[in-house]
Amino acid sequence: MKSNSCKILTAVVAVGCALLLAVPALAATTVKVGAILPLTGPYAALGDDQQKGAELAAEMVNKSGGVLGKQLEIVVRDSQLNGDVALRKAKELVFEEKVNFLAGSLSGAVSKVLNEFACKNQIIYMGFPQSDMSIGKDICRFGFTGMVTPFMAAQATSQYAFSHLGKKWFALTADYRWGQRLLQGWMYSSEQHGGQFLGNVWAPLGTTDFSAFLPRIMAAKPDFIVFNNLGRDQSTALKQAYELGILGKIPIVCTKTTVLTMKEIYPLYDKSVYGGVDFYWELENKYPSAKEFVQAFQQKYGRPPFQDGQSAYFQVRALADAINRAGSLDSDKVIKALEDGKYAFTKGEEYYQKCNHQRAESYLVLRGLGKEGKDWNLATIEEEVPASKTMRNCDWAEKDLPNVNIPLPR
Amino acid sequence: MACSWPCAGVPSVVNSESKMFHIPPNILLMQAIIGLALGAVFVLLASGLSMIYGLMDVVNFAHGVFFMLGAYAVYQFNLTLGNFWVGVALAVLAVALLGALTEISLLRPLYKTGNLLYPLLLTFGLALALPDVVKMFYGLMPMPVNYPEGLQGSLLVGPLIVPKYRLFVIVLTFSVMFSLWLFLKKSNLGMILRATTTDKGMVDAMGINVNRVVTLGFSIGIALAALGGAVAAPMVSVEPNMGVNIVLQCFVVTVVGGLGSLGGAVVSGVIIGEVVAFTSLFAGGYADVVIYFVMAVILLVRPRGLFGELSRE
Amino acid sequence: MIKEYAHIAIVALILLTLPLWLNFTTATDILVFGLYAMAFNVALGFAGILSFGHAAFFGVGAYAAGLALRYFGASVWTAIFWAVLCASLVALLMGALCVKKRGVYFALLIAAFAQMFYFLALSPLRFITGGEDGLKGIEVLKLKFPVHADLGHPAALFGFIFCILIVCILVMHRFVHSPLGSLMKGLEENEPRLRACGYNTNAVKIWAFAVSGLFSGVAGALYTVNLGYVPLDSLYWLNSGTPLVMTLLGGMHTFFGPLLGAGIFIFFQDNVSVYTARWEFFVGALVVILILIFPGGILGTVKEKIAQADEGDRQGIWFWLKKLS
């Protein structure tokens, strides 16, 4: 018995040493982008999409000559969807791995933390998610936002809703900042388009049972219902809306949605459900850049890309493009190049707004196909709303108007 | 809520207070039914946890994981066999068997240490490791489980809209609880189980194989958790971390009812279900924290829970 | 006594070499969590008190330090002072309130209270704490006393935290070997008997809990200093499980066990996740294996083997380790 447990202990120590020594020697002949993504946790599937998008972008960049003649390398770390873990990984990437640039995060909250870190340490950070880092006090010249802001998402979907579905609306909102921002965006838009706000129900993040929240919505008799939530919350809410006889009778507009949700609750995501996304693979029929991106992704990974893979891909390619135009890795030069550039990697021509480095991205309104959908063909694109209709101008963005002025119902 | 300087210039439609509108009584009744259905899943989980604690003095941190396994099992059986009902039955059996194996191979060796902390910590380790195993086989994306045919949609009872599936869950849970009560009170095996909960040594002295009784009790507890997961599957999102949230609420329910008391688990499950339902109606943002508050109050005022036994404190 | 201090010195030396074979950021994380786990173990391993709410003390310490740094421009030392004050007060209060409950009821009650702190930081107090975003806006920290140092630099940060850790270890060590520490041990071994001897076991429990909370608060403050930011998660009750797992890995009845456990856990978290996102599986499996085979944790088992080594086994490694220690 004594020698057996001795052996076990020795084995454990040996394995530990082997793991340490197996860490490969760092090559100084690459340009490194440290990507911090949630590879574990409830949104791991989307973090995985981001990783795939970023790595595909690096591959495409390297195929056409790389960055300043060197290979572009994506170094990935798991944020566990956690601000402090993400920050620890960022420190490790910057101080130990010596990455040249930072990227990533799926959560807007984490992106703000990384943004602050990047600014404190003067390293460029390409944000992947929908985030507020391009607004108000969070604006910092080192950060670049790769997806629309919650305000923009709300403007895009609400415009469509008020023109096509009616004026009276009731919302179900996840009770944290992202959800609150969406609701504020909706309330502002409602003002502009003659909408009639009937009320809002707050649901704590991670609610598993929405059945308690839905009757109140039904009682108000709105023209359509707005869901300001995502992922598990959204699919559960939709399932239970179906259960209570709401889905199918009253149109539901999900300000942000994912194809994964459509797949998960198939065939419930039908013609009465609308959702907003930053990207949908069907854009390949409209833009040659989308076609190139979607087909390359499909070929490499066996499925079309989701919106998170798209923003990761875009951000990495834009960064590489800017570095090559700047001709150097110096932050000031690259920042200027990023600001001046025009990019067509996944849609039409896009740019970053100079004052807050917000990507001027369009937002799509999708409509579910329900039973008629198949494989990944689960929705139709109802409208692509351009950034010119949704993006805040610099003055408003810097002062965080009009969101700050809109009181939230409690 | 009057809004002063931030709202200057913003027109009155947005500015007005959200009206505390009069909530019609049929909505209140609907809310009550929903609370009952919510409570039903809590009851299944909490009674399992209570039973395991009563029998083994172990708080099963892996309870949420078995709940999750029940949901995945029903997904898998539904997929391969095409029948939801058979799927539920098989899911419960399969996971209960897994529970029995776990108890025999991992927990039983720890009883002789006499330290109650070790089994608890072992279940903690299981709670960490098992979701990843599921991820290895099923990936990260949630699995689709649809409402079974015949129970889709809702019934219209006057002004009330009652979801059929929720009704089914309530009926099923109370039937199962009633059967369990009958089994424990009236059958020989049930009597032995109850005796083991009270005095293990005595049962052993009477020549009954206590180890087997404990395994049986543990399996029943796990079966209840798996049943909870299987019936919850169509209602919620089936993904590897689905057990984490529910295990917290489950603890609260069990502790409030009294660890070791089945009747307590039932009463507490219903109460907590209704509390969550009505908090969601009137003050949605507090729905999460209100149950911790309730637990704290109950534990301070009546530390053994509503029906827990004094000796267990 | 000298032997004990020699042990501490050896541990200090090993810790100093951590950056050499890991790196500064991982090593600093290990120091901070090592302190947290050791503080947790003062309650669990030495006084037999299980709590699922230590995140409250860690988090309160982290926020106290963060608020002092952010809103009052305090120095790092002042921030740590406030963290100590607040965390120990909270621990004292919570301990006093819940002391009459036993075992798992106590643990869960503490968890419920901890979760209320989380909710406080998330909602009503969010204009001060930053709510779900955590507390941001903390400037890059500089040390002015006793030496000038820029704490943005990983080596300086490591050095600073290392010094605080050693001081805390010395104090905790003194505490555990004090008369009150012996009473704690009695509490862990046989509480009714201790009471029969005439001691006020409730008071002992509360003191042990307060000390445990105090050092958890220091760990929280160091966490804030390390990150330059206070995450809301530092208050989330499930994160009380982290020091528990670390303590278990290292050995809960040993003084340095939790520190070793922290090292292993962080190592797994950082390094295994590079190869596979399934690192939780490995940690969970390790916990299960350890409980079944080495319930004393790694250090505990080593100590056992050393104690059992006898004169006859002159070839055995344990015998020689015994001679050395």
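A short reminder: the numbers here are calculations on the coordinates, not readings from a lab. Worth saying up front: this structure is predicted, and the values here are computed from it rather than measured. Positions of Cβ are backbone-derived with ideal geometry, glycine not excepted, and every protein chain shown enters the neighbour counts.
For chain A, set up a Gaussian network in which alpha carbons nearer than 10 Å are linked by springs, and say which option among A:Lys389, A:Lys347, A:Lys263 fluctuates the most. Top of the fluctuation ranking is A:Lys389. Shielding value for C:224-236 is 4, the average number of Cβ atoms from other chains within 10 Å of each residue's Cβ.
Positive-end ranking of B:Met141, B:Thr215, B:Ser154 along the dipole of region B:38-239, with charges on Cβ about the Cα centre, is headed by B:Thr215.
Region A:76-154 and region B:180-217 have Cα centres spaced 58 Å apart. Where the centre of each part is set by its Cα atoms, how far does region A:285-322 sit from region C:42-119, in angstrom? Comparing the Cα centres of region A:285-322 and region C:42-119, I get a distance of 48 Å. Largest GNM mean-square fluctuation across A:Ser131, A:Ser107, A:Ser163, computed for chain A with C-alpha springs under 10 Å, falls on A:Ser163.
Across region C:2-237, the mean sequence separation of Cα contacts (distance under 8 Å, 6 or more residues apart), normalised by length, yields a relative contact order of 41 percent.
Which value, in debye to the nearest 20, gives the size of the charge dipole of the protein assembly as shown about its Cα centre, when Lys and Arg are +1 and Asp and Glu are -1 at the Cβ?
Value, rounded to 20: 1320 debye.
Judged by the gyration tensor of its Cα atoms, with axes a ≥ b ≥ c, region C:2-237 is oblate; a/c meets the 1.5 cut and b/c is at least as large as a/b. Fully extending the segment from A:Trp376 to A:Gln71, taken as 0.36 nm per residue of separation minus the present Cα-Cα distance, adds 106.5 nm. Only Lys, Arg, Asp and Glu carry charge here, each on its Cβ (+1 for the first two, -1 for the last two); on that basis chain C has a dipole of about 620 debye about its Cα centre. The label point for C:Asn190 and the one for B:Val157, both projected 7 Å from the Cα toward the Cβ, are 6.0 nm apart. When chain A is described by a simple charge dipole with +1 on each Lys and Arg Cβ and -1 on each Asp and Glu Cβ, the residue from A:Leu378, A:Tyr287, A:Tyr352 located farthest towards its positive end is A:Leu378. Considering only C:Ile138, C:Ile14, C:Ile30, the Gaussian network model of chain C with Cα springs below 10 Å gives its largest mean-square fluctuation to C:Ile14. Pairs exceeding a 23 Å alpha-carbon distance, out of A:Lys32/A:Lys399; A:Lys112/A:Lys256; A:Lys63/A:Lys291; B:Lys185/C:Lys101; A:Lys389/C:Lys136: A:Lys32/A:Lys399; B:Lys185/C:Lys101; A:Lys389/C:Lys136. With the cut-off at 1.5 for a/c, could you classify region B:38-239 from its C-alpha gyration tensor as rounded, prolate or oblate? Judged from the Cα gyration tensor, region B:38-239 comes out oblate (a/c at least 1.5, b/c at or above a/b).
Distance from the C-alpha centroid of region B:95-139 to that of region A:218-254: 38 Å, rounded to the whole angstrom. Note: relative contact order over chain A, using C-alpha pairs below 8 Å and six or more positions apart, is 17 percent. Is the shape of region B:114-184 rounded, prolate or oblate, going by the alpha carbon gyration tensor and its root eigenvalues a ≥ b ≥ c, with a/c under 1.5 for rounded and a/b larger than b/c for prolate? Here region B:114-184 falls in the oblate category. Annotation: lysines with alpha-carbon distance below 19 angstrom to A:Lys168 (same-chain offsets under eight excluded): A:Lys221, A:Lys249, B:Lys19.
Would you mind giving the mean number of other chain beta-carbons within 10 Å of the Cβ of each residue in A:402-409, as a whole number?
The mean count of partner-chain Cβ atoms within 10 Å per residue comes to 5.
Span-like helix criteria (full DSSP H runs; alpha carbon extent of at least 24 Å along the helix axis; mean Kyte-Doolittle hydropathy of at least 0.5) are satisfied in chain C by C:2-21, C:24-44, C:54-71, C:76-98, C:103-122, C:154-176, C:201-227. Given +1 at the Cβ of Lys and Arg, -1 at the Cβ of Asp and Glu and no other charges, the dipole of chain B around its Cα centre is 460 debye to the nearest 20.
Bridge orientation summary for chain A: considering DSSP beta bridges with both residues in this region, about 30 percent are antiparallel.
Taking a point 7 Å out from the Cα of C:Ser178 in the direction of its Cβ, the residues of region C:68-90 whose backbone N falls within less than 17 Å of it are C:84-85, C:88-89. Among B:169-176, A:255-262, A:171-178, sorting by the average number of other beta carbon atoms lying within 10 angstrom of each residue, highest first, gives A:255-262, A:171-178, B:169-176.
Under Stokes-Einstein, with the Kirkwood radius over Cα pairs as Rh, the value for the protein assembly as shown at 25 °C and 0.890 mPa s is 81 µm²/s.
DSSP assigns beta bridges within the protein assembly as shown; of those with both partners inside it, close to 40 percent run antiparallel. Positive end of the dipole of region C:2-237 (Cβ unit charges, origin at the Cα centre): among C:Pro154, C:Leu227, C:Gly34, the Cα lying farthest that way belongs to C:Gly34. With a 10 Å cut-off around each Cβ of B:237-243, the average count of Cβ atoms from other chains is 5.
Put simply, when B:293-300, B:207-214 are sorted by average Cβ atoms within 10 angstrom per residue, most first, you get B:293-300, B:207-214.
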